[in-house]
Amino acid sequence: MIDALDYIPVAATAFAVPEFMPQILKLRATRDTAGVSWPWAALTSLNNAAWLAYFALAHYWTALIPSCSATVLAATLVLLLSTRGQARLRPSIPVGVWAATLVAAYLVLGRTGLGALLTAAFVVQVAPSIWTAYRTERPTGISSGTWLLILGELSCWLTFGLYKSDPRLITLGLTGVTACALMLARIHRTSRRERRAAPRPAT
């Protein structure tokens, strides 16, 4: 008998495929980049491209769908942020260093080395987003929809990791849920301040 929990990766994929669309749509509609991190978008695209290579080498074909979607949509977000002046030399250097590290891990240690390095990839990619959100006085450009979808995806992987007793998935899930909670708390706090500051209609 097939356990229903075996289908959790399908739910994770459903959350993962569209997760960057709310941020892209908000940025295109408002042109507001406040609090949105260019390094986060670049690292997300880079890491998912690396996951794409890892899954292809492992012949894990179903995992290619969310990785491909995240790679393309995050790259689109990078392009939108770049056209709005968010791409700068200083933050691009660590992104380049991380890209070189991923390539070196694969060339030296093969797929196993790349997979081991990718277990730390989410921490690397999400750190700039949290830093930017909390360093920006009014991070009004961040999309709560994107972070809710990321929360849904990583909650699925946390549950699946606990089900399979997989420490890598558990670590990914716990780290991701914590990061999403921090981002959503920051978004909620900003929205509440905006509502309080909005002028009230005359009576």
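Given the C-alpha centroids of the range 132-182 and the range 65-84, what is the distance between them in whole angstrom? Comparing the Cα centres of the range 132-182 and the range 65-84, I get a distance of 18 Å. Accessible area per residue was computed with a 1.4 Å probe on protein heavy atoms; GLU194 scores about 70 Å². A simple charge model with +1 on the Cβ of Lys and Arg, -1 on the Cβ of Asp and Glu and nothing else charged puts the dipole of the chain at about 1060 debye relative to its Cα centre.
The fraction of Cα-Cα pairs per 5 angstrom bin, counted from 0 for the range 58-203, comes to 2, 8, 12, 18, 20, 17, 11, 6, 3, 2, 1, 1, 0, 0, 0 percent, rounded to whole percents.
Is any residue of the range 163-183 close enough, with backbone N under 14 Å, to a label point placed 7 angstrom from the Cα of HIS59 along the Cα-Cβ axis, and if so, which? Counting only backbone N, you get no residues.
The values are calculated or read from the model by the stated rules, or taken from the named source; none is laboratory data. Worth saying up front: this structure is predicted, and the values here are computed from it rather than measured. Cβ coordinates were reconstructed from backbone atoms using ideal geometry, including for glycine residues, and neighbour counts include every protein chain displayed. Keep in mind that these areas ignore ligands, DNA and RNA; they rest on the heavy atoms of the full protein, side chains included. Shrake-Rupley method; radii C 1.70, N 1.55, O 1.52, S 1.80 Å.
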